[in-house]
């Protein structure tokens, strides 16, 4: 039987009939650690090494998701993982094999593009308010102090004055801060430039205007793709998430003949471009895989094409590795997805993937219907074999403005430091990455409230509580995948850390956790 007969591509519609509850709300780009997707368009200057090398060669299929990080590594000591991908496939797919530690091997880079999650960009309303809070929350900044050394404290003092509605004091402090920040300075100076912009936007009740303006100013075409590609290559955040999630799915479904993957943020489907060849290489033969790819109807902007692009990429995998794949594209806003749309069938092992997506859904603090928890309960009703969750480890959901500002300052300080370790401060690429990949998130977190604030992160302990209340129990993360991630991080700065806590994997920079990955059933 020819390989072309393995692939069942079922496109249910060219354009979904479902629409957002607010049809005037376009989806705008944001979120630091996005689901980064490899560009596959023939018109794109970024061609993926996966597509060119793997699909066109006879190379053994990779097991989970690895990239070459040598392009931006400054340590001079690059650790490679020989045969690690094949080892993962052997370990995760063969139940009786003994787990072994991977040895170094050369890794192949993949060009990437960022997936932009759904954002609210409707007209600003009076919901963006400055609420008086206790100004004593943080230390006060001394105007006679060393401005450069005390910039972080100065920024907190600006936020404290604004929270207490001390506008005259706020304006004095902000003017002082504006003289100290610089998009080409050290990490806190660069971060401060965007934090000040968010504070001024909040003061002027124009957070959503600036958020929308930032979107309108963003580069188009290859420039935007280049910035996202750089962000993807220099930081291991998303690679970590893909590894952890794919490892859990591979292990949970290792003996299944039919697998249905529901991805609540499919974007370009890059996460599955390495898991599928690994499934195809199973000793007992490949399973039949059905993928339901959910993506909002306007993300062609980020993807460069409709969901048909994902179908074409999956078709290439199917033909190359002789694995039967059925693709069901679902261009629907995630909160509007119903059980009927998902077409869950008896006899299939169900895997549900939430990659940096759930934090965009409102919870009980924004919507009495609590779409965040409702989504988890709906998924639980499907009796999935495994559910994977990747989220930013930050507490910005229900926090009041001042503690939220301090949390964002701490979180993004670690992110900017990690970028500083690999890209020189005078590099235009670094400036563009920080401006186009990070600034919008910070403005949204600082300047917006109510339904206009869509960056609503929660710490893992809160996600654990939500999932437990929805009826889930934790699925153990793979110790072998943990060891592989440890090896992957050696390609980057020694300041990256990997920890296991409460059943989750936590990726951090120095003493700050940044991303959590967990599995549930």
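The values are calculated or read from the model by the stated rules, or taken from the named source; none is laboratory data. What you see is a predicted model; the values in this text were computed from it and never measured. Every residue, glycine as well, gets a Cβ built from its backbone with ideal geometry; the counts of neighbours run over all protein chains shown.
Surrounded by 20 or more Cβ atoms within 10 Å (Cβ to Cβ) and over 24 Å from residue 445 (Cα atoms): does that describe residue 317? Yes. In segment 483-521, of all residues being over 19 Å from the mean Cα position of the chain (by Cα) and assigned to a helix (DSSP H, G or I), the one that is surrounded by the fewest Cβ atoms within 10 Å (Cβ to Cβ) corresponds to 486.
Counting just the residues of segment 338-362 that are at pLDDT below 95 and outside any helix (DSSP H, G or I), which one comes out nearest to residue 398 (Cα to Cα)? Here the answer is 362.
This table checks each residue for (1) surrounded by fewer than 23 Cβ atoms within 10 Å (Cβ to Cβ); (2) outside the structural domain of residue 383 (by TED's automatic domain parsing); (3) out of contact with any helix residue (DSSP H, G or I) (no Cβ under 8 Å at 6 or more places or on another chain); (4) more than 22 Å from residue 241 (Cα to Cα).
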site	(1), (2), (3), (4)
267	no, no, no, no
281	yes, no, no, yes
284	yes, no, yes, yes
309	yes, no, no, yes
333	yes, no, yes, yes
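Can you confirm whether segment 375-388 contains a residue that is crowded, with 17+ Cβ neighbours inside 10 Å, modelled with pLDDT of 95 or more, in a loop (DSSP other than H, G, I, E, B) and over 16 Å from the mean Cα position of the chain (by Cα)? Looking through segment 375-388, at least one residue is crowded, with 17+ Cβ neighbours inside 10 Å, modelled with pLDDT of 95 or more, in a loop (DSSP other than H, G, I, E, B) and over 16 Å from the mean Cα position of the chain (by Cα). Taking the criterion of being in contact with a helix residue (DSSP H, G or I) (Cβ under 8 Å, 6 or more places away or on another chain), free of Cβ contacts under 8 Å to residues at least 40 places away in the same chain and closer than 30 Å to residue 414 by Cβ, would at least one residue in segment 346-367 satisfy it? Yes, because at least one residue in segment 346-367 is in contact with a helix residue (DSSP H, G or I) (Cβ under 8 Å, 6 or more places away or on another chain), free of Cβ contacts under 8 Å to residues at least 40 places away in the same chain and closer than 30 Å to residue 414 by Cβ. Taking the residues in segment 389-405 that are part of a helix (DSSP H, G or I) and more than 22 Å from the chain's Cα centre (by Cα) as candidates, determine which candidate is nearest to residue 513 (Cα to Cα). Step by step, filter segment 389-405, then rank; the result is 403. Being surrounded by 14 or more Cβ atoms within 10 Å (Cβ to Cβ), within 29 Å of residue 451 (Cα to Cα), modelled with pLDDT under 50 and out of contact with any strand residue (DSSP E or B) (no Cβ under 8 Å at 6 or more places or on another chain) is a property that residue 192 lacks.
Checked against (1) in a helix (DSSP H, G or I); (2) modelled with pLDDT of 95 or more, residue 309 meets all criteria but (2).
Here residue 378 clears all of (1) under 18 Å from residue 454 (Cβ atoms); (2) assigned by TED's automatic domain parsing to the domain that holds residue 267; (3) out of contact with any strand residue (DSSP E or B) (no Cβ under 9 Å at 6 or more places or on another chain) except the condition numbered (1).
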